[in-house]
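Encoded as structure tokens, the structure appears first; notes follow it.
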């Protein structure tokens, strides 16, 4: 547009010059009627019926100008506009001629172009008109003209900075698009009429819930307006006291309370005489106790039974225990307790699976499971462990209407097992990464029947205790025949990748699903680990219930070398005779940065023209190499998925990955495994080399051992020390869990001598579900706390202890396994509740008299000095309030959620109250009557156990180095073309002895140096670095372990590697120095600075 304006101005000024140059220019009475350029670059033409020397289309009358501008005639005369600069007429002459000459009919589009041309000519020079009476348009006059014609924003373009291409005036919506959109709307309406929930949701306004409009045009419901404040009485602003709130919580109805909660509504009232006698007997006992500590103990005993019967949550829990009956074994044991011979039905089923005979150990495991005997299978990868649970699952489903639960730790393992099942089996999996449609299909398949195996994660099993997907499906699930625990070594705390959630799986399966038969599958478990797993699986006879096989397949060829230049040695190995013909190779590295560096090095050294993926590299995104790609957790999920897919399809030869890769890989033709760094123990080594040669063909495995510089060992020690814990951290966790409550005061009262009632001392017990104390006759002066609910917010606890969530949960599992602890882990729960009233403080006061949990929370806050006269909301720890009330936290949350609705005749409507739960927390029940001596004993046991774990892992690391060193070559040249069979046999024999040792004599022979010597000059340098770190970053709360972690490059929640890894001066500064030695020195320096 700007180009056209400038070009037009240039043309109009140079008409005489254009005539001389040969352009066709028409003239007439001083007015330019048309301008035609021979090059046809642009043209402006007046309409055909315009008459020269007569009134032009723009020589309009005074009335027309008045109508256009919308202002009075005086202003028009004062600011007269010269519409035709070459004309000498006045406005009065225009009015006289208007009466005689009719207006010529003109096209609007052509006149606008002519108007623009003429007006621009009048404005362009900035000179006086030919009349000499007035200047052409000034800036103010131009602005007024644009405002009057509504053209003020004609040159304004709204720019979207996110777009790279800008267009102006482009039509986005065509008629075809509009018809398509309208047709889609009609289809959605039809599906909504048919009952489609998704279509109904699309047509629903999320503000009012009605149909037919969107939220931005929501008129609002007529009956949804909040009740004005005047609806509450001005005198009704007195909150309940702590005593009144306690009576309301315990179901005592007095004249001041407006109602009684439905949870404690009495179902079968007893006679009046019985109530009086019970009240008198209880009052005699309560007279000897502190009334503030034992408020309404008699009423609590009475209402505890009513709560247990009337509570919907607790009754559902009691009913759910008997929903799924236990499945009886398919075959019975012999009279001597041994399993029977394999029947013909099992052999025929084996043929249906496509096999002619059993492998070693398969037949015994299958018959034990079909006979209802729990079993642990320890066999190498690829030995056929999957058939041990697939065949019994098919036979159980054939004879009974039941399913088999398979607990798997990885999502990729679940999906691979579902897709790789035989045709006669049907399985579904449930996990958090499923889409909504896939989960819905799986749930429908479970409800309709026909599913043999259900694969779930251990976290899903644990969450079923507090609800979750399995908790809601519990009533609809068929009975569970048996449970298979894949990767069963995660059950043992002595394992190389212990997972705390596995500890609760067996207990919950027995409690909630009535599972009596367990099958554990693992490829790596030494004797001590196997004993721990068998204990959790409830295997009574270890020799019969544990089926041990070969830990390393015979088709694997092993070799180890010590090379100073590993990169060059790696290329020699890949181009040698052993690995040159391997089509699929996995290279394991310890660190992510090393994975990227090695993958780039391999691509550079082995690059040829035929191995370049031109099609992928031509795209804007990063392409894929045909030789090697890095795989680690730092990559995006999409790229990891694409790399894994290309490797599985055979389009990618080498994957350089961390140890996480391969756990979910079920690729049978992996022909080579290379360890660029030493693994942390022999269990990890066997687990990783077991991913090669699953098809039975010969596969090669090589490991590059550290060339006596100790870098690999120091790097692996970082992972061990990352899980270590200080003694004071365990003490802080115990103090947060076992916080003293009223039960401790009750115990002290019971322990006090009482001469009057010395022979008739009562025992206080509290119901586990309700938490209410009860009195029972007992001759002993003993008090037993059944447990209280405790919720510790995860974020706050992680920040306070500076430990990851998994480590804290591991410590809690140790506490749960302690014999005198009484702690029981439950599913995570929300710890904080926020109640907001849109109708003001008076509504908060009114609902508090109907809701006991809210009344107790407000009473406690008012006791601390907080006023609620001018506030309409309250924030309180809901689980702590439930524990103090003696209620179950699920009941309390349900009561609070019910405040959001109020009855409106037969239906409900919003009440103007908003209840929100936040702060996800560790949820557990514990006994609060532990003495200080008992807590100190527990502290010693847990801390000693953690230290023992750390020493055991360090011993495994050193023992692994010794075993690999004895079977290693000095250079890769000795084993790149052909492996040494003698050294391979030595290495296999050493590994076999490690897993078969009953007393761990190999690990016992490893001695760790407890007091390490350090040279004085090195110690002084370390102390100087510590003081420098403390002075530069004085705003941090430093501990000795935190400083040692910084110097070793170990990340923690309060000192993450993404932040502190940029502090190059101190991060990984003293990696060669022992961690415990750094810890001691740093602790002393911190004490000096304080």
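Every number here is computed from the coordinates shown, using simple stated rules; none is lab data. These numbers come from a predicted model, not from an experiment. Here the Cβ is made from the backbone with ideal geometry for all residues, glycine too, and neighbour counts use every protein chain on show.
Structure notes:
- Where labels lie 7 Å past Cα in the beta-carbon direction, separation of residue 863 and residue 592 in nm: 4.9
- Projected onto their three principal axes, the Cα atoms of the stretch 344-548 cover extents of 43, 40, 28 Å, largest first.
- Calculated log₁₀ intensity ratio I(q)/I(0) where the Debye formula runs over C-alpha points of the stretch 320-371, q = 0.16, 0.18, 0.25, 0.29 Å⁻¹: -0.58, -0.68, -0.99, -1.18
- Two-site FRET efficiency, residue 917 against residue 191, from Cβ-Cβ distance with R₀ of 35 Å, rounded to 0.05: 0.55
- Here the convex hull built on the C-alpha positions of the stretch 949-1090 has a volume of 179 cubic angstrom per residue.
- Spread over its residues, the convex hull of the C-alpha atoms of the stretch 623-694 is 93 Å³ per residue.
- Distance between the pseudo-spin-label points of residue 977 and residue 514 (7 Å out from Cα toward the beta carbon): 6.9 nm.
- Those residues of the stretch 967-994 whose amide nitrogen sits under 12 Å from the label point placed on residue 577, 7 Å along Cα→Cβ: 975-980
- Peptides 524-536, 172-184, 553-565 ordered by packing proxy, namely the average of other Cβ atoms within 10 Å per residue, highest first: 524-536, 553-565, 172-184.
- Nearest-0.05 FRET efficiency for residue 436 and residue 359, computed from C-beta distance (R0 45 Å): 0.65
- Efficiency of FRET between residue 668 and residue 904 - r from beta-carbon atoms, R0 51 angstrom, step 0.05: 0.20
- Computed from the alpha carbon atoms alone, the convex hull of the stretch 1016-1089 holds 82 Å³ per residue.
- In terms of the mean number of neighbouring beta-carbon atoms within 10 Å, the peptides 335-344, 807-816, 385-394 order highest first as 385-394, 807-816, 335-344.
- Projected label points at residue 875 and residue 641, each 7 Å from Cα along the beta carbon direction, are separated by 3.8 nanometres.
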